[in-house]
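Q: Following this message is one structure expressed as structure tokens.
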Amino acid sequence: QVQLVESGGGLVQAGGSLRLSCAASGSTFSVNAMGWYRQTPGKQRDFLALITRSGSTNYVDSVKGRFTISRDNAKNTVFLQMNSLKPEDTAVYYCYANRLGVDYWGKGTLVTVAS
């Protein structure tokens, strides 16, 4: 089992920045991909960014150039630096990890971007 705990959400003005963190614990060995999704009420959970243990990254087009995913393998932590935030970025942000083909999710952290 892998437990994921997100932090760093909150209220920010449009154009501002936030840095989300997600700490993994438990059976973290063999965790390869870690990433971030977000969800707004009544909508599906959408992929944002992913990073492998080796550091390869992938982003959805809508956040390229604004969001940066990074990872500290020694601390089993993944980060999402979010810049130039827009009101439409308001959502619950979820951390994700895949270990040996099994997906794990955090409980989410709310990001609210005020216009």
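Q: So which of Ala49, Ala97 ends up being open to solvent by less than 60 Å² (accessible area, probe 1.4 Å) and either touching a helix residue (DSSP H, G or I) at 6+ places or on another chain (Cβ under 8 Å) or assigned to a loop (DSSP other than H, G, I, E, B) (or both)?
A: Details: Ala97 fails: either touching a helix residue (DSSP H, G or I) at 6+ places or on another chain (Cβ under 8 Å) or assigned to a loop (DSSP other than H, G, I, E, B) (or both).
Residue meeting the stated conditions: Ala49.
Q: Shifting gears a bit: Determine which member of the set Gln39, Gln44, Gln13, Gln1 is more than 16 Å from Asn73 (Cα to Cα) and modelled with pLDDT under 95.
A: Sole residue among the options that is more than 16 Å from Asn73 (Cα to Cα) and modelled with pLDDT under 95: Gln1.
Q: In the stretch 100-115, which residue that is part of a strand (DSSP E or B) and not aliphatic (A, V, I, L, M) is surrounded by the fewest Cβ atoms within 10 Å (Cβ to Cβ)?
A: Selected residue: Asp103.
Q: Please name all residue pairs, on different chains or six or more residues apart, with Cβ atoms under 6 Å, provided the first residue is in the stretch 31-48 and is under 19 Å from Ser62 (Cα atoms) and the second residue is of a type in the set (A, V, I, L, M, F, W, C) and open to solvent by 50 Å² or more (accessible area, probe 1.4 Å).
A: So the pair list comes out as Tyr37/Phe47.
Q: Within the stretch 52-80, can you find the residues that are part of a strand (DSSP E or B) and open to solvent by 60 Å² or more (accessible area, probe 1.4 Å)? Before you say what the answer is, go through the steps one by one.
A: We begin by selecting, within the stretch 52-80, every residue part of a strand (DSSP E or B); these are 57-59, 67-72, 77-80.
Across the stretch 52-80, the qualifying residues are Thr57, Asn58, Thr68.
Q: Let me ask you something else. Can you name every residue in the stretch 71-110 that is within 19 Å of Asn58 (Cβ to Cβ) and without any contact (Cβ under 8 Å) to a residue 12 or more places away in the chain?
A: Asp72, Gly101, Asp103
Q: If you scan the stretch 18-45, which residues turn out to be touching a strand residue (DSSP E or B) at 6+ places or on another chain (Cβ under 6 Å) and surrounded by fewer than 13 Cβ atoms within 10 Å (Cβ to Cβ)?
A: Ser25, Ser30
The values are calculated or read from the model by the stated rules, or taken from the named source; none is laboratory data. Computed from a prediction, not measured in an experiment: that's the story for all the values here. Neighbour counts run over all protein chains shown; Cβ positions are idealised from the backbone, glycine included. Only protein heavy atoms, including side chains, enter the accessible area calculation; ligands, DNA and RNA are left aside. Shrake-Rupley method; radii C 1.70, N 1.55, O 1.52, S 1.80 Å.
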